[in-house]
Amino acid sequence: MVFAMAALFLVVGLGAGMIGSIAGLGGGMFFVPALLYFANAYEPGSVSPQVAAGTSLLVIGVTALSSSISYIRQKKADVQTALLFFLGSAPGAVAGVYLNTLLPVKTFSLLFGLFQFGMFALMMVKDKIKPRNLSWDVKRRFVDPDGVEYEYGYKRWAAVTVAFMVGVVSSLFGVGGGLLMVPAMIVLFRFPPHIATATSMLVILFSAAVGSATNILHDHVHWLYAAMLAPGAWIGGNLGAAVAARLKGKTIVLLLRVLILAVGIQMIGDAIWK
């Protein structure tokens, strides 16, 4: 039975790492449900929501490290922006761990699902928001593989504020924060999808390291399940970065919308009917 669980978690890690890397999510939206359902089916009561989030965040760090190395080599990760976002996400990640301990199972699932519905709505209306002339502190330009030129940027205080919220979500739900990070970059700061996903993975790497250290101190990591998920997550992170390089920006955004909606429905359904 242990070998069956190891094989299952290898596949979950591979798929979650690959899809999470492509969409800049880290894969936590798959790791958390897998830990809550499969691990508890194998070993009832072994994984609480807090342990699921903590274990997921640790494995997300593996995915983020793997994909970030690839994205940096592709010159798509905005390293300076990632470091600035980390200034806000680090304290947010610590705060999220403490908030996580206050949530019962049903509340956890409900908030997780509602959060993703909000992100789905944000992604759906982003194309209808008319661009405004903004006085950004930082400005960047990027030309995608199709020759489309993008101008994006941000005010530093706004970037740090958004990053703090991302850090809280990262540790609270064990999803790496990408579910908020990527839409915020695309909608608020006009990041090109390729740059948003790559930069998001780098920020996720930093915040996951801080959040995981805090989770370890609180004994919120199941080391055996983390070890089962990590190899697939590492391989998937590399594959996802390679695939993302060949996808159009609109395809990445579409994938992000579908993933957010699907898991949001699943988690809310579990909160209502279980």
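Here P193 passes the criteria (1) within 25 Å of G92 (Cβ to Cβ); (2) modelled with pLDDT of 90 or more; (3) crowded, with 24+ Cβ neighbours inside 10 Å; (4) of a type outside the set (A, V, I, L, M) except the one numbered (2).
On the stretch given as the range 196-218, residues that are among the β-branched types (V, I, T) and surrounded by 24 or more Cβ atoms within 10 Å (Cβ to Cβ) total 4. Note on the range 66-76: residues that are at pLDDT below 90 and crowded, with 24+ Cβ neighbours inside 10 Å amount to 0. Looking at V187, V243, V210, can you tell me which residue is within 29 Å of T101 (Cβ to Cβ) and either among the acidic types (D, E) or in contact with a helix residue (DSSP H, G or I) (Cβ under 9 Å, 6 or more places away or on another chain) (or both)? Every option except V210 fails the conditions. Of all residues in the range 47-106, none satisfies the criterion of being touching a His at 6+ places or on another chain (Cβ under 6 Å), among the charged types (D, E, K, R) and part of a helix (DSSP H, G or I).
Taking the range 141-228 and the helices (runs of 4 or more DSSP H) fully enclosed by it, the elements with 2 or more residues that are closer than 18 Å to L254 by Cα are at 178-188, 193-217. Per the listing V221, V187, the residue uniquely in contact with a Lys or Arg (Cβ under 6 Å, 6 or more places away or on another chain), surrounded by fewer than 24 Cβ atoms within 10 Å (Cβ to Cβ) and in contact (Cβ under 8 Å) with a residue 24 or more places away in the chain is V187. In the range 1-45, which residues are outside any helix (DSSP H, G or I) and either touching a Leu at 6+ places or on another chain (Cβ under 6 Å) or in contact (Cβ under 8 Å) with a residue 24 or more places away in the chain (or both)? If the condition is that a residue be outside any helix (DSSP H, G or I) and either touching a Leu at 6+ places or on another chain (Cβ under 6 Å) or in contact (Cβ under 8 Å) with a residue 24 or more places away in the chain (or both), then M1, G24, L25, G26, G27 are the ones that fit. Within the range 266-273, does at least one residue satisfy the condition of being in contact (Cβ under 8 Å) with a residue 40 or more places away in the chain and within 14 Å of T197 (Cβ to Cβ)? Looking through the range 266-273, none of the residues is in contact (Cβ under 8 Å) with a residue 40 or more places away in the chain and within 14 Å of T197 (Cβ to Cβ).
The values are calculated or read from the model by the stated rules, or taken from the named source; none is laboratory data. In this text the structure is predicted, and so the values were computed from the model without any measurement. When we count neighbours, we look across all protein chains shown, and the Cβ atoms used for this are built from the backbone with ideal geometry, even at glycine.
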